[in-house]
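Below: one structure, written as structure tokens.
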Amino acid sequence: MAKKTVICNGNTIKLVAEVFSTNWQDDYAIKVEEYAFLNIPEYWIVDFRGLGGLQFIGNPKQPTFTVHQLVNGMYKQQQYPLGESIYAYLFANL
């Protein structure tokens, strides 16, 4: 059975937060494109075990919080390794 995103209309969704498990290809590649297509303004990936691909979380691998902000239909991403302060656009005062 093929996996599919269950979100049909992204216009009402302002943020999607994924807590990463072991299927990093879905979170870092497939879902990024799907959520951008649905116009979801912000997408977070919480990779608390540092298991994502090197091209996504860097080398050496470490726990990483990634904030994707939708700009002109594509996500601009900012990574925050463990211990760094996180800036989220939708929650600027948080």
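In the range 26-94, if the dipole is taken from +1 on Lys/Arg beta carbons and -1 on Asp/Glu beta carbons about the Cα centre, which of G73, I30, Y89 is farthest to the positive end?
Among G73, I30, Y89, the one farthest towards the positive end of the dipole of the range 26-94 is Y89.
In whole angstrom, how long is each semi-axis of the equivalent ellipsoid of the chain, when you take the square root of 5 times every eigenvalue of its Cα gyration tensor and sort them from largest down? Before the final figure, lay out each step's value.
Details: eigenvalues 88, 61, 23 Å².
Over the Cα atoms of the chain, the ellipsoid semi-axes are 21, 17, 11 Å.
Would you check the chain for Lys pairs whose C-alpha atoms are within less than 18 Å, ignoring same-chain pairs closer than 8 in sequence, and give me the count? Before the final figure, lay out each step's value.
Details: K3/K31; K4/K31; K14/K31; K14/K76; K31/K76.
Final tally of qualifying lysine pairs is 5.
Compute, for the chain, the length of the dipole vector about the Cα centre, with Cβ point charges of +1 (Lys, Arg) and -1 (Asp, Glu) only. Units Debye, rounded to 20.
With only Lys, Arg, Asp and Glu charged at Cβ, the dipole is about 60 debye.
Every number here is computed from the coordinates shown, using simple stated rules; none is lab data. These numbers come from a predicted model, not from an experiment. No Cβ is skipped: glycine too gets one built from the backbone with ideal geometry, and neighbour counts run over all protein chains shown.
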